[in-house]
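Take a look at the structure set out below.
The values are calculated or read from the model by the stated rules, or taken from the named source; none is laboratory data. What you are looking at is a predicted structure, and each value in this text was computed from that prediction instead of being measured. A quick note on method: Cβ atoms are made from the backbone with ideal geometry, for glycine too, and the neighbour counts reach across all protein chains shown. Protein only, heavy atoms only, side chains kept; ligands, DNA and RNA dropped before computing areas. Shrake-Rupley method; radii C 1.70, N 1.55, O 1.52, S 1.80 Å.
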Amino acid sequence: MMCHFLRAAGAALLLLAAACRPDQIEHLRESKRIGAEAENWVVKRIMPEDLLRATRWAGDSLTRHADRELLRVLREKLAEGGVAAALPYCRPESFPGVDSVTKTLQASARRLSSKPRNPAALTALTTSDLQPDTARQVARSNAETFFYQRPIIANDALCLRCHGTVGQDLSAADYALIRKQFPQDQATGYALGEPMGVWRLTLQRPGVAEFWTMKTRKIPKRRKLF
């Protein structure tokens, strides 16, 4: 009888030990991550205000990336060969990396100004269009199209190498090169911190919705490994 009891107690202890195996404990620890991942796959209703918020996020993301790439490329080209080498590259919307982001967002991006270098970029702008860099204009043009606009500010002295005051920031020889390529140029005389134009984007609803989904996706914290 006692032997039977001991055998039963031993079996119970083995079952208890099995119930607390390390791999099972690890599975329980990972359950929160799995739950968060599962929640990310749940279809969620995106409200109109969410899409407008996502339009601003997407516009900021794309244009800031383009501005950073522009400064990086211009710095390299100016160091290599001055204004003559840099002039063909002052079109960040056409850079492969920027164009790739634009396609992902199903957007079109343009830089426009009331004093453009290229006449194709001419547009009428109001004082409210050229408020400080914190200003944004976001709207829904129709059911499928969203609009984003923000000012372009001469935030870096590098901008003045091509857009500053002739004879001061920009040499007469360099300006002659600019006028040779752009005879109708108006884009000089700017000072540091002055608005030069605007970024203007048109974004399609699927791209905006996808960006909102990615932006609001829950990413679980990874457990530290010791």
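So is residue 161 over 25 Å from the mean Cα position of the chain (by Cα), closer than 20 Å to residue 68 by Cβ and open to solvent by 30 Å² or more (accessible area, probe 1.4 Å) or not? For residue 161, the condition - over 25 Å from the mean Cα position of the chain (by Cα), closer than 20 Å to residue 68 by Cβ and open to solvent by 30 Å² or more (accessible area, probe 1.4 Å) - is met.
Does residue 131 count as surrounded by 14 or more Cβ atoms within 10 Å (Cβ to Cβ) and either farther than 13 Å from residue 200 by Cα or charged (D, E, K, R) (or both)? In short, yes.
Residue 148 fulfils the conditions (1) within 19 Å of the chain's Cα centre (by Cα); (2) open to solvent by 50 Å² or more (accessible area, probe 1.4 Å) except for a single criterion, (2). Of everything listed in (1) under 22 Å from residue 79 (Cβ atoms); (2) exposed (fewer than 12 other Cβ atoms within 10 Å of the Cβ), the single unmet condition for residue 126 is (1). Scanning the stretch 81-116 for residues that are within 18 Å of residue 153 (Cα to Cα), open to solvent by 30 Å² or more (accessible area, probe 1.4 Å), touching a residue at least 60 places away in the same chain (Cβ under 8 Å) and touching a helix residue (DSSP H, G or I) at 6+ places or on another chain (Cβ under 8 Å) gives 90, 110, 111.
Among residues of the stretch 186-213 that are over 29 Å from residue 117 (Cβ atoms), those with a Cβ under 7 angstrom from a residue that is open to solvent by 30 Å² or more (accessible area, probe 1.4 Å) and of a type in the set (A, V, I, L, M, F, W, C), sequence gap 6+ or separate chain, pair up as 209/46; 211/57; 212/46.
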